[in-house]
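The values are calculated or read from the model by the stated rules, or taken from the named source; none is laboratory data. Given the structure is predicted, the values throughout are model-derived calculations rather than measurements. Neighbour counts are summed over all protein chains in view; Cβ atoms, including those assigned to glycine, are modelled from backbone coordinates with ideal geometry. The protein model used for the area step is the full one, side chains on, heavy atoms only, and it has no ligands, DNA or RNA in it. Shrake-Rupley method; radii C 1.70, N 1.55, O 1.52, S 1.80 Å.
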Amino acid sequence: MQPPQIALLNAAHEAADTRRNFRRELDADLVEFHAPSGDLPDSFEFDGCVVTGSKASVYWDEPWIGRLKEWVGDAVQAGLPFLGVCYGHQLLADVTGGQVEPMGEYEIGYRTVHQIRDNLLLDGIGEDFTVFTTHSDRVRTAPPGAEVFARNDYGIHGFRKDRVFSVQFHPEYDMQTARSVTTGKDELDDETIETVLAGITERNYQSAQKATRLFDNFLSFVERVQDKRTAVDRL
């Protein structure tokens, strides 16, 4: 069986680390589009779609963000399965009727997230799990009809609405990316940066590896959607 073809909507302005991380973790035929450059698919002829993290905020008034929201909203309506990560989580919340807000602070570093109800995206990961986080916006209100399945003290860390799944944390990060993102946070004081860097250890990284299972879980869901479409086409 051919691997699913996934549109990777890379929303990172400096795309290389994001590209490397998702290509390592997603066992799929990835077709990348760099959203900040205005690069978007010209059709919905994919098996699924992933929206990555970004330094941007979904409420910024920038043309590329507006175009990305429009394409994603139309693709969701067309039934394309989605996975959003960090910025992608917030963008999917926004386009499906949720609310995103600035936090007034950063959540950054390895943190514990709680699975508050069973969800296939987190199947096999556990009730409490370690992940790397870096964000100063959050989903304040989940979209109408969505099921929130993960959170911590900073807010919603995972929701599902129909074929849309999203997580606030970064399951794709390797230690190199965690360090470079942390040292690049000019808005944080030196003490905070040093504390976060001290927590980027092999032990914490290995603990966070368990959450990468969600990529396989998402691809399994995509394949089930494919199978249903194939069965309908044969009728």
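Residues that are within 16 Å of Y87 (Cβ to Cβ), in a loop (DSSP other than H, G, I, E, B) and open to solvent by less than 10 Å² (accessible area, probe 1.4 Å): does the stretch 144-167 have at least one?
No, the stretch 144-167 contains no residue that is within 16 Å of Y87 (Cβ to Cβ), in a loop (DSSP other than H, G, I, E, B) and open to solvent by less than 10 Å² (accessible area, probe 1.4 Å).
Please go through the stretch 11-54 and pick out each residue that is assigned to a loop (DSSP other than H, G, I, E, B), in contact with a strand residue (DSSP E or B) (Cβ under 7 Å, 6 or more places away or on another chain) and either among the aliphatic types (A, V, I, L, M) or open to solvent by 20 Å² or more (accessible area, probe 1.4 Å) (or both).
So in the stretch 11-54, the residues assigned to a loop (DSSP other than H, G, I, E, B) come out as 11-15, 26-28, 38-47, 52-54.
Still in the list and also in contact with a strand residue (DSSP E or B) (Cβ under 7 Å, 6 or more places away or on another chain): 11, 15, 26, 28, 39-41, 46-47, 52-53.
Within the stretch 11-54, A11, A15, L26, A28, D39, L40, F46, D47 qualify.
Beta carbons closer than 9 Å, at least 6 apart along the sequence or on distinct chains, pair a first residue in the stretch 18-39 that is within 17 Å of W71 (Cβ to Cβ) with a second that is of a type in the set (S, T, Y) for A35/T52; A35/S54; P36/S54.
Checked against (1) touching a residue at least 40 places away in the same chain (Cβ under 8 Å); (2) surrounded by fewer than 20 Cβ atoms within 10 Å (Cβ to Cβ), F218 meets all criteria but (2). The set of residues in the stretch 55-104 that are without any contact (Cβ under 8 Å) to a residue 60 or more places away in the chain and part of a strand (DSSP E or B) comprises Q99, V100, E101, P102, M103, G104. Each residue in the stretch 1-10 was checked for being part of a strand (DSSP E or B) and buried (at least 20 other Cβ atoms within 10 Å of the Cβ), and 5 of them qualify.
Checking each residue in the stretch 75-97 for being crowded, with 24+ Cβ neighbours inside 10 Å and over 15 Å from A11 (Cβ atoms) picks out only P81.
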